[in-house]
Structures are given as C-alpha cells and as structure tokens.
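Only one structure is covered here, and it is reproduced in the block below.
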Amino acid sequence: MSSDMSSSGHKPDGSAKEKAPPVSQPKFWNDPKKRSLLFQVLLLSVLGFVFYTIIDNTLTNLEQRGITTGFDFLTREAGFGIAMSLIDYTEASSYGMTFIVGLLNTILIAVMGIIAATILGFILGVARLSDNWLVAKFSALYIEIFRNIPLLLQIFFWYYAVLRTLPQPRQSIEFLGSFINNRGFIFPAPVPEEGFGLVTVGFFAAIAASWLIARWAKKRQELTGQQFPVALTTIGLVIGVPLVLFLFSGMPLGLDHPELKGFNFKGGITVIPELIALWLALSIYTAAFIAETVRAGILAVSHGQTEAATALGMSKAKTLRLIVIPQALRVVIPPLTSQYLNLTKNSSLATAIGYPDLVNVFAGTTLNQTGQAIEVISMTMAVYLALSLMTSFFMNWYNARIQLSER
Amino acid sequence: MKKKLISAAVLMAAMTGAATAGTLETVKERGAVQCGVTSGVPGFSVPDDKGNWKGLDVDLCRAVAAAVFGDSTKVKFIPLNAKERFTALVSGEIDVLSRVTTWTQTRDTQLGVNFAGVNYYDGQGFLVKKDLGLKSVKELDGATVCVQSGTTTELNMADYFRANGITYTPVVFDTNDQAAQAFDSGRCDSFTTDLSQAAGLRTRMQDPSSVGALPEVISKEPLGPVVRQGDDTWFNIVKWTHNAMLNAEELGVTSANIDKMKSESTDPNVKRLIGLDGPKGKGLDLADDWAYQIVKQVGNYGEAYERNVGKDSPLGLDRGLNALWNQGGLQYAPPMR
C-alpha cells in the first residue's frame, strides 16, 4: 500500500511539469486496468505467503514431533507380501515397488471397468429406447436399481453374497479345464511354443491390411459410390490369417493346466475373487449411468434426421450406425468422460474387500509400516490426479475429433 | 474415507502447530480421556450388548481416567483400525492409544509416539481348520493366509515364510474381524494374528471347536499403551497407571480389600501405593489418591487380566508370560517410592 501512496503523491508533480497533458491521466486507483492488476498481484502474494507458511509450518512441526520425513523410504525393503501383482514382486522388493504394483492393479481395474461399463452402458442405453416393451422395461429397471444403490454396498454384495458362497477348492465347479471356487476363477494359461511368433506377426499384418483396405474402400466410395464390405473383410482377416497360420505351423501353443496341489491350484492363471467382485460392481454400477448418458445423446438427435434417413431408404441398423450414433456421440462424450473419471476414482473402494490396489497396498500397508503419511498420501493423490487428467485429455482429444467440422 | 479425513487432520495439526497445551490440561478441560481402541477384539476392547466397552485395553484407559479424575467412567472410547491408529494419536484426536499395539523400534522412534509399557506379552500364531490335520506352520506351503493390513503380523508372516522357503498368498483386510470372517468362510486356509486376539476372534466363528492354533509362535509381540512424543507429564501418568496396577497385584491389594488395607495395613509399600505416604501424586500432577482410585474402581492387573482374558472370561487364557515376575512371568513394575 505504501508504494501506492508514494506514486500517487508523485503524480500531480509530474503532470504539473509537463504542463497539462492532452488527455487527462486518470488517478492510478481510478484506472480499472491498473487497479485490477494491483489486486491480482496482492492476491497472488497473499496466496504465495499462505502456501509458504503451510509448508514451512508442516516441516517444522514434523521435525519437532520427531516424525521422519523425506522419500528415502521408497528404496527400503518392504517385507510384506501382496496377493496379486502384474509384475515380479517379492517380500524383498522395495516400498517403491509396492507403489508400482498398486498403481498397475489400479490401472488394471480401471481399464477393465471402463471397457465393460462402456459396452454394457451402450447396449442398455439403446435398449431403453427400444420399441420392444420387454427390452425397454428391463433396461429401465436395471438402470433404476443399480444407479440408486450405493456402490460400496454393491461391492459387498458381489463379494460377500455371491463370491463367498462359491465352493471350496476341493469342490470346485469345473468346465473346459477351468475351475471356479471361493479362491477365484482359475483357467489354463497359454504357453507359446516355437513358431508362435509367426502367428503374432500374421495377426498384426492382418490388422495393417484391414486398415489399408478400409482406407482404399473409403476413397473408392467417395469416387465411385461403390461400397465394399469392410467390416466383414476385417473380421475375416484378423481372425482368419492368424488361425490359418496357427493350424499350418502345427498349433504351437501349449496350455499350462491348473491342478489341485496341497491347498490351492498350481499352474494356470488365477483371477482373485476380490478383482472379480470389484470389476462386476464397478462395471454394473457405472454402466447404469452411461446408459442414461447414451439415451440422452440419442434423444438429442432430432427426429428429422431419422426420418430423412428412412426417406432415403436406409435400414434401421444403418440409420443408427451412420446417422444417429455419430451425432449422439458429440453429446455423449463429455459426460462419458466424467463417468470414466468416477469409475477410476471409485476403484479405490477396493480397500474395503482387500483387492490390492494403490490405496490398499501403498496408502494402506506401506503408509502404516513407514508412518510417512504426508509423503504417501500426496503420492497417491498425485496418481489419481494424473490418471484423471490423462483420461480427460484423451477424451477431450477424441471429442474435438468427432465434433462437427464444417466445410 | 475416515482414513483420509484423519490424514487430513494430521496435516492440519502439523500445519497449525496447535496442541501446545499439555495433554493433561486438555484432558482436564475436556472432562474425559479420549482413548483409541479396536473396533472389536474380544478380551481387549469390545462393546458388550449394552454398548459398554470391556477388555484389558479398555481397563487401562479406565484406570487412566480414575487416576486423572478419580472417576473411571470419564473415558470416551474411539474405535480405530490398525491403519488409523498412529495418525489419530499424533493428530490429537485421542490421548492414549490402547489398542493391542506392538512396540517396535520404527514405531517408537519414527512416528512421533512413545510406548508407555507392556500390558500384554503376546506372540503371533496361525489358526487353521482342524480337519486339515496340520501339525506345523511349515506344512502351510502354497496356502492362502488371511491377515489384517498395517500390522506387524503381516511383516512377521512374510519374514517367517521367507526364512523357511514357504510360498503363500496373503489376503489383506482392513480389520482383524474381516480377516477372521474371510478365514471362517473359507477364503483362506489359515488366519494369522497375535494368539490372544486369535483366541478372542475364534469364539465368534461359526464352529469354534473346528478351529485350532498351530504350535509355532513366530514372533514377540509386546503390546502396550502409546502416547504422543514430547509430553513427558502425560507419558508418566500412563506409564505409572500401568505400574500401579502391577504393584497392587504384587502387594495383594485388590478392589475388594483396598478400603480395609487403607485403614489397617502397616506395610509401607501398601501405604505408598494408596497415597498415605511416599511420593503420592506430586510428580505426576495428580491427586494423592490416584493409585487408590485406580485399584478401587478398576482393580489390579491380575483382576483385569482374569476378568477379560483369563479364566473368568470366554477366552480362558493362562497367565503365561503375563504372570508377575515373582510367579514366573515377565510383568515387573518399578517400585513406588
């Protein structure tokens, strides 16, 4: 404030020396631009001071109370086991590794949940607008039930009421070499043998070929109006080519069959019940919201568009695919993004049933073993922030791509 | 959610630099001791059907209240899970943590807390279903084990299995109760925790007689009350509350006979305990009859033990390591003089 005073004190002198300027200069505090600048600088410095005080106080107080700070603990040996890990993890790994294991498990459940919820949500959303009374009512019933029950209760329902009542390992339900029991879903693991590389190459080659064909077909249609069955060709290529290669190279894929040895099944791949319960609950819950978003999007496309398509003689399926959905997507994508973000953040409820996600492993066990709450919690918050920002960045990019581009 | 709130509370407490007033003054002003306990471990801290907290850890809190206020009912019990407990204590949400907490070096030196003694010497063991016919923990190779997260139990198990080359899958839950239920419903082959807690949780299982403990005790678990670091007055009060209960047992002073002892006893040790002589309450900033109130209202250590975890309780545990030093155990209190 003092500088403000002095400058205002100088001004009259200056203007007096220059002898009546052509346009009378308003007083400093009467110029709205300068005034707002002053207030912004003031606000910023107050904010800066507040944050500095918070950080400085925190550090001083932590030191006073004899609480260890810093990120050194990340390299110390963790010494505890984790039920499920996508990477090699043993008790001898570091606390830093527990962070990675938890992070990967969180990403896994988020991606699995987003895919399942999107598919289920789109089907339900379209179904709710169906002319078929039964289909429409079923969809409405589903949405109203699952949207209105708290997610945590749904997780408990799937975990305690459904999966806990499955039989013990010795009485597993068996089908096609897979087993279901209260320890999870266990199925044979594919083991690639010599020559399987060829099948992989074939698969990617087929994808590349399909892409080229799609491009060519689009160009041809624009030039000549002739259509080409792109979808069928793609499916044929992507499935057919690797399959033919697989059969001709003598089926170079072994299976590691699970076997009951001692307490549990050995071999194969085990999907733990905590993952299944969380996945079911998250997908089913979020799908109900996505369905409503999709319904809103479809209803936002004016009826005249559908009528015009019908007048042109397009089939119902084609109308939906080519006219309605592309326009509906423009309305659907922004709220869909928030549903994806919700699902990712809701996955932290995993800790309630013991699925080893980031919150359970890192902000749970690691925090408690090291006692470094501030470091661990801020790392965890940073992860969710980063995941959410990445999701919304991607969705915004996609949204911008599908927006109406006027020519 | 609660966990996050508490973490935020730590942050806030650390930020504002509050709690400059001593814990004793804060407690007196509030009119109650806030005591962190488990959310339900039979024998140690569990609410009965009328909502009254019962247990060995609960009795320690009641004894602190008796010493401070002369009234053992002036306690507010706050149930916490293992992950929340230290944060709750450091942030000032509770005054004493009496929640089957193992005394370890890291906890004592890096968390900003102090352990005020050992009110139960425990060890970690494994529960299994008897029909599996297991004789030893070493036969658990390949087993799935249910365990509570954020406990020394989790680490001891990992160390023991690693040292013996046994593979296992841990399934980790927030509370010991959840872990025990998961074991009971067959999610795990075994459930590991401190043996005293295992004995308590076993009584709640569908068929307690079908569950047994394996013979190995794989760790030392000295459990005791914890206070914030940096407040020696309060630290002393909690420490000497426990010591007074031990000394009372050693001298044969019980809640039933203390009034008689007060008027009749000529033993100088008893007189010092009751506060008729000796250091009284001066150094502790307490009333002179603080120890008298503890024994009168809560009882001595032996009484608390037998009523909560010993032969008068459903747990029926022997005194074992928790017998007094002169009866073959480890419980030993410095003299009151």
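The values are calculated or read from the model by the stated rules, or taken from the named source; none is laboratory data. It should be emphasised that the depicted structure is a prediction, and the values quoted were computed from it without experimental measurement. Ideal geometry is used to build each Cβ from the backbone, glycine not excepted, and the neighbour counts take in all protein chains shown.
Brief remarks follow.
- Scan of segment B:70-92 for residues that are more than 13 Å from B:CYS35 (Cβ to Cβ) and either buried (at least 18 other Cβ atoms within 10 Å of the Cβ) or of a type in the set (Val, Ile, Thr) (or both), ordered by number: B:ASN81, B:ALA82, B:LYS83, B:GLU84, B:PHE86, B:THR87, B:VAL90, B:SER91
- Matching entry among A:ILE54, A:ILE67 (being surrounded by 10 or more Cβ atoms within 10 Å (Cβ to Cβ), under 41 Å from the mean Cα position of the chain (by Cα), modelled with pLDDT of 85 or more and within 14 Å of chain B (Cβ to nearest Cβ)): A:ILE54
- Some residue of segment B:39-61 being within 14 Å of chain A (Cβ to nearest Cβ), surrounded by fewer than 24 Cβ atoms within 10 Å (Cβ to Cβ) and among the basic types (Lys, Arg): no
- Note on segment B:136-151: residues that are assigned to a strand (DSSP E or B), within 9 Å of chain A (Cβ to nearest Cβ) and polar (S, T, N, Q) total 1.
- Evaluating A:PRO356 against the criteria (1) more than 11 Å from chain B (Cβ to nearest Cβ); (2) closer than 28 Å to B:GLN105 by Cα; (3) crowded, with 24+ Cβ neighbours inside 10 Å leaves one unmet condition, (1).
- The sole residue among A:ILE377, A:ILE325, A:ILE333 that is of a type in the set (A, V, I, L, M), closer than 30 Å to B:ALA182 by Cα and in a helix (DSSP H, G or I) is A:ILE377.
- Only one of the numbered conditions (1) in the same structural domain as B:ASP184 (by TED's automatic domain parsing); (2) in a loop (DSSP other than H, G, I, E, B) is not met by B:GLY252, and that is (1).
- Among the candidates B:VAL113, B:VAL145, residue that is more than 30 Å from A:GLY70 (Cβ to Cβ), crowded, with 22+ Cβ neighbours inside 10 Å and aliphatic (A, V, I, L, M): B:VAL145
- Among the residues of segment A:158-181, those that are surrounded by 15 or more Cβ atoms within 10 Å (Cβ to Cβ) and of a type in the set (Phe, Trp, Tyr) comprise A:TRP158, A:TYR159, A:TYR160, A:PHE179.
- Selection count where residues are assigned to a loop (DSSP other than H, G, I, E, B) and either closer than 30 Å to B:VAL227 by Cα or small (Gly, Ala, Ser) (or both), scope segment A:49-104: 15
- Restricting attention to segment A:254-282, the residues being more than 8 Å from chain B (Cβ to nearest Cβ) and in a helix (DSSP H, G or I) number 8.
Conditions tested, residue by residue: (1) among the hydroxyl-bearing types (Ser, Thr, Tyr); (2) within 30 Å of B:ARG228 (Cβ to Cβ).
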site: A:ILE269; (1), (2): no, no
site: A:LEU275; (1), (2): no, no
site: A:LEU278; (1), (2): no, no
site: A:GLU292; (1), (2): no, no
site: A:SER378; (1), (2): yes, yes
site: A:ALA382; (1), (2): no, yes
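- On inspection, A:VAL135 does not qualify as at pLDDT below 90 and hydrophobic (A, V, I, L, M, F, W, C).
- Identity of the residue in segment A:240-259, in contact (Cβ under 8 Å) with a residue 12 or more places away in the chain and in contact with a strand residue (DSSP E or B) (Cβ under 8 Å, 6 or more places away or on another chain), that ends up surrounded by the most Cβ atoms within 10 Å (Cβ to Cβ): A:PRO258
- For B:VAL100, the criteria (1) in contact (Cβ under 8 Å) with a residue 40 or more places away in the chain; (2) under 21 Å from B:TYR305 (Cα atoms); (3) more than 16 Å from the chain's Cα centre (by Cα) hold in every case but one, which is (3).
- Screening segment A:327-352 for residues that are of a type in the set (S, T, N, Q) and in contact with an Asp or Glu (Cβ under 9 Å, 6 or more places away or on another chain) and picking the one that is surrounded by the fewest Cβ atoms within 10 Å (Cβ to Cβ) gives A:SER348.
- Considering segment B:218-238, and only residues there that are closer than 20 Å to B:PHE44 by Cα and assigned to a loop (DSSP other than H, G, I, E, B), the residue that is nearest to the other protein chains (Cβ to nearest Cβ) turns out to be B:SER219.
- Of all residues in segment B:165-200 being small (Gly, Ala, Ser) and outside any helix (DSSP H, G or I), the one that is surrounded by the fewest Cβ atoms within 10 Å (Cβ to Cβ): B:GLY165
- Residue match in segment B:186-194 (condition: under 30 Å from B:VAL33 (Cα atoms), at pLDDT 90 or above and more than 9 Å from chain A (Cβ to nearest Cβ)): yes
- Restricting B:ALA82, B:ALA63, B:ALA67 to those that are in a helix (DSSP H, G or I) and within 15 Å of the chain's Cα centre (by Cα) reduces the list to B:ALA63.
- In segment B:21-39, residue modelled with the lowest pLDDT [restricted to those that are small (Gly, Ala, Ser) and more than 16 Å from B:LEU60 (Cα to Cα)]: B:ALA21
- Among the residues of segment B:265-280, none qualifies, meaning not one is at pLDDT 95 or above and part of a loop (DSSP other than H, G, I, E, B).
- You will find that of B:GLU93, B:GLU154, the residue that is out of contact with any Lys or Arg (no Cβ under 8 Å at 6 or more places or on another chain), outside any strand (DSSP E or B), of a type in the set (Asp, Glu) and within 9 Å of chain A (Cβ to nearest Cβ) is B:GLU154 and no other.
- Only one of the numbered conditions (1) surrounded by fewer than 22 Cβ atoms within 10 Å (Cβ to Cβ); (2) modelled with pLDDT of 95 or more is violated by B:ASP95, and that is (1).
- The listed residue being within 11 Å of chain B (Cβ to nearest Cβ) and either farther than 30 Å from A:PHE80 by Cα or at pLDDT 90 or above (or both), out of A:ILE333, A:ILE377, A:ILE290, A:ILE325: A:ILE377
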